[in-house]
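To start, the structure under review is shown below, and the notes come after it.
The values are calculated or read from the model by the stated rules, or taken from the named source; none is laboratory data. Note that the structure is a prediction, hence the values are computed from the model and not measured. When we count neighbours, we look across all protein chains shown, and the Cβ atoms used for this are built from the backbone with ideal geometry, even at glycine. Heads up: the accessible areas ignore ligands, DNA and RNA and are worked out on the full protein's heavy atoms, side chains in. Shrake-Rupley method; radii C 1.70, N 1.55, O 1.52, S 1.80 Å.
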Amino acid sequence: MSKTWGSLLTCLIITFSLITPYSLLISNAPEQKNLAVNKAYTQDWESMLNLATSVTGSSEYVIAPVYRVVKLGTAYTASEDILDIVLSQTGILVKSKEYDVTTGKYFYTVSLIDGKTLSTEWSHQFEYKPEQVLVHDLNNDEVSEVIINCANVTYVYSGTSGDLLWKYNFSEPILGAPLWDIDNDTLIELFIISQFLYTDVFGLGLYYWKIWITDINTPADQVTYQWLRIPDMAWPYALAVGNWSLTSYYKVAVFYRYGSSITFVDPINLVVENYLILTSSWIETETIVYNDKYILFYDYVSDPGAYRVVNIFNESVKWTYQVEYYERIYLSNFDSSPNPEVLVLADGDIIILNITTGNAISYLIDEEYYYQAFPLDVDRDGLSEVLAFRFLEEPQLFDNTLEPVSDITDCPADIEWGPWNVLPWAADINQDTWYEFFFINITSSAALEVYSLREGVPPQLEILSPVENAYVRGIIKVEVLATDVHSGVSKVEFYIDGKLAYTDYETPYEYLLDTTKLSDGAHTIKVVAYDLVGNLRDSAITIYVDNTPPEILSVEYEENPMSGQEVEVRARVADEVSGVKAVILIYSSDNGATWHNITMQEISSDTYSARIPGHAAGTRIVFKIIAVDKLGNSVISSEYSYTVSWLREMMYGGIGIVIVAAIVGVVFFM
């Protein structure tokens with residue numbers, strides 16, 4: 001019985017394990033296409049925990065020049081020691097060693113920590129140290145279960161509630177690996193192998209392993225084992241599942257403790273299909289990583305006494321790369337090729353190798369010792385960057401070619417960054433699109449602290465309207481341009497004279513300010529823009545509110561002009577805020593039927609003058625003064641008036657009479 005490649009890819013997802021002996025990650029998952037995720041997907045975390053932002057052509061994100069370290073909190077505190085963590089769909093699984101002061105005995109726990117709240121969701125105690133903690137969806141309900149192999153017993157718990165779903169005592173130490181739905185009953189089978197080696201089972205002097213193939217619905221009395229004949233003496237120590245021979249079905253690769261060979265097992269027909277013997281002295285099983293086609297690990301070769309990175313492809317050695325001392329290996333995408341690259345941390349150096357040829361693509365060799373480095377895709381472009389740690393120094397971020405790209409700030413001053421406390425994983429455990437990494441603080445007790453690596457560049461911010469030192473009145477629109485190319489703008493706050501007046505959560509960012517509720521004079525408008533990771537930038541301007549019209553202080557004019565005489569009108573006008581824009585005199589000579597405008601001229605400070613043309617005697621002139629400030633506030637004075645005097649007419653008439661009389665007198669004398 002066999003499965004096709006396509007059907008296998010649809011039913012297998014990524015799982016986890018601890019990196020301690022016996023606890024190699026067991027997983028078998030296809031690479032998620034069109035997702036900008038960390039491509040070290042089969043090693044220590046599910047891809048769904050990493051950045052799953054769709055990538056189409058080019059990313060809308062760019063690498064920020066500055067990132068900052070933000071402490072999210074303490075996820076778990078152990079009374080004795082934190083042994084390891086496993087990342088799941090819903091948070092962090094913490095394996096710890098505890099001490100019971102009442103009984104004076106040690107015990108072990110596996111606890112689920114919620115990725116968003118960092119609170120403990122559930123916890124289970126064990127007498128013996130759990131050798132494997134795996135996460136896998138065993139019943140195809142898109143919710144992963146937690147598989148714990150502890151000594152002789154396999155426990156399967158709900159990944160959400162922590163309820164025990166299945167338990168079986170195999171009566172001897174075992175290892176396990178999730179397979180696929182072999183019998184088409186919607187349940188994933190488990191491959192369980194005894195860690196004992198059996199000889200002469202059938203009296204033939206041969207070697208055998210005991211194998212169980214079961215699922216979580218199998219009753220305890222129906223769990224049966226089968227014998228698997230193996231070619232040599234070997235005690236199983238680690239497992240991996242993948243399409244190692246590039247055929248239509250998957251196999252289980254079995255590794256041995258301090259062994260130099262790998263046995264490839266067909267789990268359906270339960271036969272050994274290949275037995276690969278290396279030239280090394282032993283395989284460092286805690287360093288094994290793999291995807292569907294490749295298995296990579298460090299091994300030790302006694303002659304010449306060095307370690308190697310070994311790449312197994314198609315169940316044979318593809319290439320080896322020699323180093324002085326081993327540390328870690330990751331699979332991750334550092335270029336646009338379809339295959340991942342190999343990130344090697346060895347001898348305190350960081351190297352990227354081509355997975356096909358084994359040739360070095362990029363080096364990061366420094367006099368300082370890099371004790372930790374792992375891939376993460378901070379700009380969501382499908383190509384990984386590298387977060388690297390040097391002894392007692394703040395971390396550094398390098399691009400996909402190992403060139404430094406960003407400064408990292410705000411690292412807690414009380415942390416002694418060292419290989420004993422920085423865990424080698426990064427994942428988005430709280431689904432906020434930013435990576436978290438993990439630190440074990442051993443200063444007082446074993447506390448698992450969670451830190452987030454967030455870009456540290458504040459948004460770009462500009463107040464478009466009003467402008468600095470603007471004079472305003474009435475209801476005005478405060479318009480703001482806020483952008484952030486790294487994480488996006490979350491909100492813009494508007495403050496008036498230091499008090500929060502309004503918060504806008506979407507573009508265009510604007511606020512209608514009613515200045516009539518403010519006093520006349522200077523006021524401050526401050527806006528604060530926040531990005532999605534809490535960086536902020538503010539900007540402020542001063543405005544001058546003027547909702548009060550000018551004041552007409554006095555009006556002076558000739559009240560008894562003679563016929564034809566121009567009348568000068570003088571008005572004193574003041575505006576304390578924006579200033580006087582115009583003073584207009586309007587007058588009427590026909591009792592208001594028609595009006596004429598004259599713009600008054602400023603002749604001295606606050607004094608304005610205009611002349612009303614002369615009119616015939618007896619004409620009544622009415623006029624008003626209109627004052628307008630620079631914002632358009634205006635005031636109209638009360639009505640003033642005067643009547644053109646007859647005095648001039650009378651004076652001209654008397655002169656005529658005298659002249660006539662004189663002429664008459666002359667004639668009479670003659």
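Quickly run through the stretch 97-123 and pick out the residues that are surrounded by 17 or more Cβ atoms within 10 Å (Cβ to Cβ) and assigned to a loop (DSSP other than H, G, I, E, B).
Hits for the stretch 97-123 are Gly115, Leu118.
Please count how many residues of the stretch 233-255 are modelled with pLDDT under 90 and open to solvent by 10 Å² or more (accessible area, probe 1.4 Å).
Within the stretch 233-255, residues that are modelled with pLDDT under 90 and open to solvent by 10 Å² or more (accessible area, probe 1.4 Å) number 6.
Could you tell me whether any residue of the stretch 408-419 is touching a residue at least 60 places away in the same chain (Cβ under 8 Å), open to solvent by less than 10 Å² (accessible area, probe 1.4 Å) and hydrophobic (A, V, I, L, M, F, W, C)?
no
State which residue is farthest from the chain's Cα centre (by Cα) when the search covers only the stretch 521-546 and only residues that are crowded, with 17+ Cβ neighbours inside 10 Å and more than 30 Å from Val66 (Cβ to Cβ).
Asp546
Taking the stretch 576-597 as the region of interest, how many residues are open to solvent by less than 40 Å² (accessible area, probe 1.4 Å) and either more than 60 Å from the chain's Cα centre (by Cα) or under 12 Å from Lys624 (Cβ atoms) (or both)?
6
Within the bounds of the stretch 501-513, is there any residue that is farther than 19 Å from Leu461 by Cβ and either in contact (Cβ under 8 Å) with a residue 60 or more places away in the chain or hydrophobic (A, V, I, L, M, F, W, C) (or both)?
Looking for residues that are farther than 19 Å from Leu461 by Cβ and either in contact (Cβ under 8 Å) with a residue 60 or more places away in the chain or hydrophobic (A, V, I, L, M, F, W, C) (or both), one finds at least one in the stretch 501-513, hence yes.
Which of the residues belonging to the stretch 335-360 are of a type in the set (A, V, I, L, M, F, W, C), open to solvent by 10 Å² or more (accessible area, probe 1.4 Å) and not in a strand (DSSP E or B)?
Scanning the stretch 335-360 gives no hits.
How many of the residues making up the stretch 506-522 are touching an Asp or Glu at 6+ places or on another chain (Cβ under 7 Å) and under 14 Å from Gly474 (Cα atoms)?
2
Given the conditions (1) touching a Ser or Thr at 6+ places or on another chain (Cβ under 6 Å); (2) closer than 17 Å to Ile82 by Cα, report the number of the one that Leu112 does not fulfil.
It fails just one condition, (1).
Restricting the first residue to the stretch 177-196 and requiring it to be closer than 14 Å to Asp137 by Cα, which pairs with a second residue that is basic (Lys, Arg) and assigned to a loop (DSSP other than H, G, I, E, B) meet a Cβ separation below 6 Å and a spacing of at least six or different chains?
none
I'm checking my understanding of the structure. Among residues of the stretch 313-335 that are among the hydroxyl-bearing types (Ser, Thr, Tyr) and farther than 25 Å from Ser245 by Cα, which one is farthest from the chain's Cα centre (by Cα)?
Selected residue: Tyr325.
Let me spell it out: the conditions are (1) surrounded by 20 or more Cβ atoms within 10 Å (Cβ to Cβ); (2) in a strand (DSSP E or B); (3) of a type outside the set (Gly, Ala, Ser), and Tyr363 meets all of them except one. Which number is the exception?
Only one criterion in (1) surrounded by 20 or more Cβ atoms within 10 Å (Cβ to Cβ); (2) in a strand (DSSP E or B); (3) of a type outside the set (Gly, Ala, Ser) is unmet by Tyr363, namely (1).
Please return the ranges of strands (runs of 3 or more DSSP E) entirely within the stretch 264-334 where 2 or more residues are among the aromatic types (Phe, Trp, Tyr), out of contact with any His (no Cβ under 6 Å at 6 or more places or on another chain) and open to solvent by less than 10 Å² (accessible area, probe 1.4 Å).
294-301
Kindly establish whether Ser638 is of a type in the set (S, T, N, Q), open to solvent by less than 40 Å² (accessible area, probe 1.4 Å) and closer than 30 Å to Thr516 by Cβ.
no
Which one is farthest from Ser316 (Cα to Cα), of the residues in the stretch 204-246 that are without any contact (Cβ under 8 Å) to a residue 60 or more places away in the chain and among the β-branched types (Val, Ile, Thr)?
Result: Thr218.
In the stretch 400-420, how many are part of a loop (DSSP other than H, G, I, E, B), under 18 Å from the mean Cα position of the chain (by Cα) and not hydrophobic (A, V, I, L, M, F, W, C)?
The total comes to 1.
Taking the stretch 547-570 as the region of interest, how many residues are in contact with an Asp or Glu (Cβ under 8 Å, 6 or more places away or on another chain), open to solvent by less than 60 Å² (accessible area, probe 1.4 Å), more than 24 Å from Arg473 (Cα to Cα) and not β-branched (Val, Ile, Thr)?
4
Within the stretch 421-441, is even one residue open to solvent by 30 Å² or more (accessible area, probe 1.4 Å) and in a strand (DSSP E or B)?
No; the residues of the stretch 421-441 include none that is open to solvent by 30 Å² or more (accessible area, probe 1.4 Å) and in a strand (DSSP E or B).
If Ser444 satisfies all but one of (1) exposed (fewer than 15 other Cβ atoms within 10 Å of the Cβ); (2) within 22 Å of Gly534 (Cβ to Cβ); (3) at pLDDT below 95; (4) among the small types (Gly, Ala, Ser), what's the number of the condition it fails?
(2)
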